[in-house]
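Q: Please read through the structure below; I'll follow up with questions.
Laboratory data are not the source of any read-out in this text; all were calculated from the coordinates shown. These numbers were taken from a predicted model, which means no experiment stands behind them. Cβ placement follows ideal geometry from the backbone for every residue including glycine, while neighbour counts extend to all protein chains displayed.
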């Protein structure tokens, strides 16, 4: 299983913040987490990361940089999952969340 997560950092009144969303379904429904999803068969990792931001937050045209892949065997409760994280530094005042 392959997934992507997005880590968006924003500086607000000299505080560094990270964008979190509430999970809508699955074992973690209702919990806060990074915007992420499974890779679809017709996507690259980067297009999946952009899709996740657009569909989960309404944010578009964010320059994402590939940060790191995570492969710990026990990091996901269902199965071995390889997750690639993407990151960006944004100015929160420049964007409106959906």
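Q: Once every DSSP H run of n ≥ 4 in the chain is given -39500 (n - 2.57) and the sum is divided by its residues, what mean residue ellipticity at 222 nm do you get, rounded to the nearest 500 deg cm²/dmol?
A: That comes out to -4000 deg cm²/dmol.
Q: Then there's this: I'd like the distance between the alpha-carbon centres of segment 24-38 and segment 40-76, rounded to an integer number of Å.
A: What the calculation gives is 14 Å, centre to centre.
Q: Right, another one. Considering every pair of different Cα atoms, what Kirkwood radius, in Å, is found for segment 21-68?
A: 11.7
Q: How much length is gained if the chain between residue 95 and residue 16 is pulled fully straight, taking 0.36 nm per residue apart and subtracting their Cα-Cα distance, in nm to one decimal?
A: 26.8 nm
Q: How big is D, in µm² s⁻¹, for segment 2-93 by Stokes-Einstein at 37 °C and 0.692 mPa s if Rh is the Kirkwood radius over C-alpha pairs?
A: The diffusion coefficient I find is 237 µm²/s.
Q: Looking at segment 2-93 only, what percent of DSSP beta bridges run antiparallel? Nearest 5 please.
A: 60
Q: Another one. Quote the relative contact order of segment 2-93 in percent (integer), defining contacts as alpha-carbon pairs under 8 Å separated by 6+ residues.
A: Worked out over segment 2-93, it gives 37 percent.
Q: Within segment 1-41, whose backbone N sits under 13 Å from a point 7 Å along Cα→Cβ of residue 78?
A: The answer is 1-4, 24-29, 37-40, whose backbone nitrogens lie closer than 13 Å to the label point.
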